[in-house]
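A short worksheet on the structure shown next.
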Amino acid sequence: MDIIVCVKQIPDPEIPPSKFKLDIESKKVVPPEGIPPVMNPYDEQAVELALRLKDKYGGKITVLTLGSEATSSIAKHALAMGADEGIVITNKAFEDSDSFSKAYILSQAIKKVGDYDLVLCGRQAADWDEGLVGSIIAENLGLPLVTLAEAVDVANGKLKVKRVILDGYQVFTVPIPAVVTVSNEVGRPRLPSGWGIISASQKQIPVWSVDDIEADSSKTGASAARRKLVKLFIPERERKCEIIERETTAEASIELVDTLIKAGAI
Amino acid sequence: MDFELTEEQRMFHDMARKFAEQEILPTLKENERQEKFDPGIIKKMASQGLLAPHMPKEYGGLGLDYITSAIIWEQLCGASLSVTQAAVSGPIQPATNLLDAGTEEQKKKYLPPVCKGESIMSGAVVEPTAGSDSSMIETVARRSGNRWIINGTKIFITNGEIADVVLFIAQTDKSKGLKGLASFIVERDTPGFSSTPLKGKISWRGGSEGTLRFTDMELPLENQVGEIGGALRDALRGIDTARLFLAAGAVGLAQSCLEASIKYAKERVQFGKPIGGHQLIQEIIAKMATKVDAARWLTYRAADLKSRGIRHIKEMSYAKYFSTEAALWIASQAVKIHGSFGTIDDYPVGHHYQDAITATILGGTAQMHQLTIGQQLLEMAAFR
Ligand SMILES: Cc1cc2nc3c(=O)[nH]c(=O)nc-3n(C[C@H](O)[C@H](O)[C@H](O)COP(=O)(O)OP(=O)(O)OC[C@H]3O[C@@H](n4cnc5c(N)ncnc54)[C@H](O)[C@@H]3O)c2cc1C
C-alpha cells in the first residue's frame, strides 16, 4: 500500500513556558533560541500508523512537508523512522499561507506524487490546533475522509478505519484512495533506529517549488489568506485565592458550591 | 574546527536520549533498590541500533566514528551510567579487544552475536591481588599437549554472572612477568567454569558484576587470542574504548545533574525566593556548567583523535580522569542543592551520585590516569 503522510514542523511543545515568546507586532511566535523545532506529535503518530501498514502490507511511504528548507530535518526524522521518501515544499509565495492555502499547496504536491492509496495527516498541529488541513485536502482531491483515526487496516480491498469518539469508537469502511487524519490514540511512535538515521542522513531531500507542483501562487501566501489574525497575545492570568470559612463543613460546602457557580466554574 | 553537531549526530543524540527516557528510567529506581540489572535492555538496545555504534558493520555494529558513539553513550548515561555500562560493556571492552587481536575466525564467531545482543561477553583482567597492577595476575594457563589448563579467579567482572563468553588474561610463565600474559576466550558451558554475582554494593547498583572461577578448565589451543606477551597491550585497546565510554558517560551523568539542579533551583523557594536566586547557589551552578562543558570537549577531542587513528594516550587520560572526577563533584553538589530530597531515590541526582564514585575507579583509577599523563609529559614512569 502506497501512503503519503503530510507532516509539519512546530516549535517544541515541551519548552518551558518562560521560553515561549510572541512578537506582538508581526503577530508571530518567536522561535525559542537553542531549542530546535520538532515534528508535530500527531503527524509523528500518522507516520507511525503508515509504518504499521507498511510492516503488514509493504508499499512505499512518502512524506510531504511544507515549510523552509530547514524543514528537511523533519522529513529526515520520518525517513529515519522508516519512511521511504521525503519531499520539502517551499517557496516565498507560500509564506504566511492560511490553512486553506496550505491544504491547496499540499493537494497539488499530492497530485504530483501521483500513485497513492492513502493520505494521512495528523488530527491537528500542536501549535495552532486548528485541525483543518486534512479535511480540506480531502475536499480538494475529491476523496473520502475519516478524521480522528486510531487504527487503519485493509479489508476486502477497502480501508477499515477505527475512529475515536467520546467513550468509544466507530468503524468505517472507505474506498481506496482516501484521506485519514490520525489521533493520538495510535500510541507512542517508534524511535528512529540507528540504521534508519544513517541511511536518512545520507539521503538528499528534494525541494519542490511553485512550478514543480503547478501551483497558482495567487492562491497562496498572506495576500490569499481568507481570514486575518487580528491580535496575538499571551493572556494575563490573575490568580486569586479565597478561603471560605463557616461554622460547619456543610455550610462551607454550600457556600463553596455557590461561589463556584457564580464564577461560572461549574 | 567546527563545534556544531552534524545532522546525523543530532539525530543520534535525540534518539538515544528518548530511548533512555523510555527504556531505562521507568525501571531504574526499583532495579537499583533490588541491586538488579535486567539483561533485557541489551536486546532492546540492539534492536534500536544502540548496542555497538562503534563496531564495524561487518561484525554487527553501526560503523560510526567515536564522537558520534560518545554522543550516544553520553545520552544513554544521562539516565544511568551503571545500567548503560552493564548493557554495552561487551561490545565495548572485550569486543574491541577481540577485534584488534583475534583471528578472522574468532571475530566472525563471537563478534556478531555480541553486537546484536544475542550473546553477552565479559572481559576479565582484574583479580583479588591484581587491580591496577596487571603484573600480579595469578590466573595460570598451563600448556598440556594440545590443551590449555586454566586455574584462577577474576573479580569485579562486568556481567561475570550472566556472560555467555569471556575474554580473559592468564599467566603462561610467571618468570616472564607481563611478557608471559596471554588472552583466552572461554564459553560458559566449559567444564571448570563457574561464577557468582557480586552483591552488597553501595554504588553502581543498576549494574552487574560477578566473580569468575576457573578450576582445571581445559581450553583448546585455538581459544588463545593474540600472542603470548601481547595480552596486556591488546586488552588496553579495548580498555581505551571503555575509557572513552566512561568519559562520555560521566559527561551524560553530569549534564543530567546540572539540568536537575537548574530545574530544582528555579522551583524550590527558601528565604522568599527560588534558591537559584541566591548567589551561593549560582556559584555552584556556574562551576557545574563550566566543568560539564570542559569534560565534554576533552571527551570529544579524545574521541576525534581515536577516530582518526592518532595517538591519544594522554588525551584519553585527560578525558577519563577529568570527566569522572568532575562528574563526582557535580553529582555531590547536585545532591546538596536538592537538600534532603536529594538523598532519596525519587530524584535523578541520588542515582547519579551513587554511580559517580565508581566511574572514577573502573577503566583506570584517577591516580593511574594522573600517572599516565605524568609519564607522557615527563617521559618517566612513576608507577612503581
Ligand atoms: C563496577 C565495576 C566494574 C568492573 N568491571 C571490570 C571488568 O569487566 N573487567 C575487569 O577486569 N575489571 C573490572 N573492574 C575492576 C576495575 O578495573 C578495578 O577495580 C580497577 O582497575 C582498580 O583496581 P583495584 O580495585 O584493585 O584497585 P587498586 O589497584 O588496588 O587500587 C587501590 C587504590 O590505590 C591506588 N593506587 C594503586 N597503585 C598506585 C600507584 N602506583 N600510585 C598511586 N596510587 C596507586 C589506586 O588509584 C586506588 O586509589 C570493575 C570494577 C567495578 C567497580
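The values are calculated or read from the model by the stated rules, or taken from the named source; none is laboratory data. Everything numeric here is computed off the predicted structure, so don't read it as measured data. Don't worry about glycine lacking a Cβ; one is built from the backbone with ideal geometry, like all the others, and counts go over all protein chains shown. Areas reflect the complete protein model, heavy atoms only, side chains present, ligands, DNA and RNA absent. Shrake-Rupley method; radii C 1.70, N 1.55, O 1.52, S 1.80 Å.
Some observations on this one:
- Put simply, the amide H of A:L159, placed in the peptide plane, has neighbours under 5 Å in A:V174, A:I176, leaving out anything fewer than 5 places away on its chain.
- Evaluating 6.51 cos²θ - 1.76 cosθ + 1.60 at θ = phi - 60° for every residue in the range A:27-33, the Karplus couplings come out as 6, 10, 7, 7, x, x, 5 Hz, glycine and proline recorded as x.
- Summarising the strand pairing of the protein assembly as shown, around 65 percent of its internal DSSP beta bridges are antiparallel.
- Fraction of accessible area attributable to carbon and sulfur, the protein assembly as shown (%, probe 1.4 Å): 52 percent
- Rounded to 5, the percent of DSSP beta bridges in the range A:108-215 classed as antiparallel: 60 percent
- Checking the Cα-Cα distances for B:K116/B:K179; B:K263/B:K336; A:K54/A:K112; A:K102/A:K160; B:K154/B:K174 against a 25 Å cut-off, the pairs over it are B:K116/B:K179; A:K102/A:K160.
- Where trypsin sites (Lys or Arg not before Pro) fall in DSSP loop in the range A:199-250, at most 13 other Cβ within 10 Å: A:R226, A:R227, A:K228, A:K231, A:R237, A:R239, A:K240, A:R246
- Estimated D of chain B in µm² per second, where Rh is the Kirkwood radius over Cα pairs and Stokes-Einstein applies at 20 °C, 1.002 mPa s: 101 µm²/s
- Chain lengthening between A:A250 and A:F20 when straightened (0.36 nm per residue, less Cα-Cα): 78.5 nm
- Residue pairs, from the table B:K18/B:K320; B:K57/B:K109; B:K29/B:K266, whose Cα atoms sit over 18 Å apart: B:K18/B:K320; B:K29/B:K266
- Over the range B:232-378, the reciprocal of the mean inverse Cα-Cα separation, the Kirkwood hydrodynamic radius, stands at 15.9 Å.
- Residue among B:S183, B:S132, B:N223 farthest towards the positive dipole end of the range B:121-229, charges placed on Cβ: B:S132
- The range A:3-224, Rg to Rh (Cα coordinates; Rh as Kirkwood inverse mean 1/r): 0.95
- Proximal charge balance of B:T196 [Cβ under 12 Å; K/R count +1, D/E count -1]: +1
- Placing +1 on the Cβ of every Lys and Arg and -1 on the Cβ of every Asp and Glu, with no other charges, gives the protein assembly as shown a dipole of roughly 880 debye about its Cα centre.
- Working ranking of peptides B:129-139, B:209-219 by packing, defined as the average number of other Cβ atoms within 10 Å per residue, highest first, is B:209-219, B:129-139.
- Just so you know, the Rg over Rh for the range B:1-90 is 0.99, from Cα atoms, with Rh as the Kirkwood radius.
- Sorted into 5 angstrom bins from 0, the C-alpha pair distances of the range B:121-229 split as 3, 13, 24, 25, 19, 10, 4, 2, 0, 0 percent.
- Put a dot 7 Å past the Cα of B:F341, heading toward its Cβ, do the same for B:D38, and the two dots end up 2.7 nm apart.
- For the protein assembly as shown, the Kirkwood estimate of hydrodynamic radius, built from reciprocal distances between every pair of different alpha carbons, is 28.1 Å.
- Net lengthening on full extension, A:V230/A:V30 (0.36 nm per residue, minus Cα-Cα): 70.3 nm
- Applying 0.36 nm per residue to the separation of B:M1 and B:M380 and subtracting their alpha-carbon distance, the gain on full extension is 133.2 nm.
- Over all other residues within a Cβ to Cβ distance under 13 Å of B:Q282, the charged ones net out to +2, with Lys and Arg as +1 and Asp and Glu as -1.
- Counting charges near A:I4 (Lys, Arg +1; Asp, Glu -1) among other residues having Cβ under 10 Å from its Cβ returns a value of -3.
- Once all protein chains are placed together, B:T324 keeps about 0 Å² accessible to a 1.4 angstrom probe.
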